[in-house]
Amino acid sequence: MDCNNLNNNRTVSNLTFVSKVIERAVAFQLKTYLINNNLNESPESAHKSGHITETVLVLVKNDIMMSIDHGKPVILVFLDLSAAFDTVDHNVLFSMLKYLGVISDKCINIYEHITSVCRAPYYHLKNIHCLKALLTQVALFSMVHAFITSRIENCYSLLYGTSDYNTNRLQHIQNSAACMVTNTQK
């Protein structure tokens, strides 16, 4: 981080050790009370184990889209997620994305990832088609989900805002899989 950039500087707490211990004890008691009395806001993700920034982004986007679909006005007063990424080591971030199967360059160009994602499902669709006569409908559905849709949906939220061309490539695979499962033509 650039120490000359004021956005990278965070205030440092001057609380003493005893104050920090008391703060943690109160936070623990408050959290326990909220959970035991079912007062905890379920979509709230801050400082909760098992909740990540991606979950919050998807939730906020979904709420906005639902309101727009129902013709309601949408006003987003304040959402500061920049601090969540201030301390992220980009090398660690890229290694985690690679571990999850995302293929990207340092500019997070998602085109190569989509090309890779599209390659395998066509191979599997061809092989499943050869076995289709031997499979029950449930087995066919399970195979299509295991080899096609689960591959497409892996890290799906990273594709938000991608080009229509990339979206259409993925949609074509889903359409082909749906036609196979429902035994219909395109």
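Placing dummy labels 7 Å off each Cα toward the beta-carbon, the span from L100 to H145 is 2.2 nm. Solvent-accessible surface (1.4 Å probe) assigned to L57 amounts to roughly 80 Å². Under a 5 Å amide H cut-off, with hydrogens placed 1.01 Å from N, N154 pairs with nothing among residues at least 5 apart or on other chains.
In the context of the full protein assembly, K126 retains an accessible surface of approximately 140 Å², using a probe radius of 1.4 Å and ignoring ligands and nucleic acids.
The values are calculated or read from the model by the stated rules, or taken from the named source; none is laboratory data. If you're wondering where the values come from, they're calculated on a predicted model, not measured in any experiment. Every residue, glycine as well, gets a Cβ built from its backbone with ideal geometry; the counts of neighbours run over all protein chains shown. Each accessible area value is taken on the protein alone, full model and side chains, heavy atoms only, with ligands, DNA and RNA left out. Shrake-Rupley method; radii C 1.70, N 1.55, O 1.52, S 1.80 Å.
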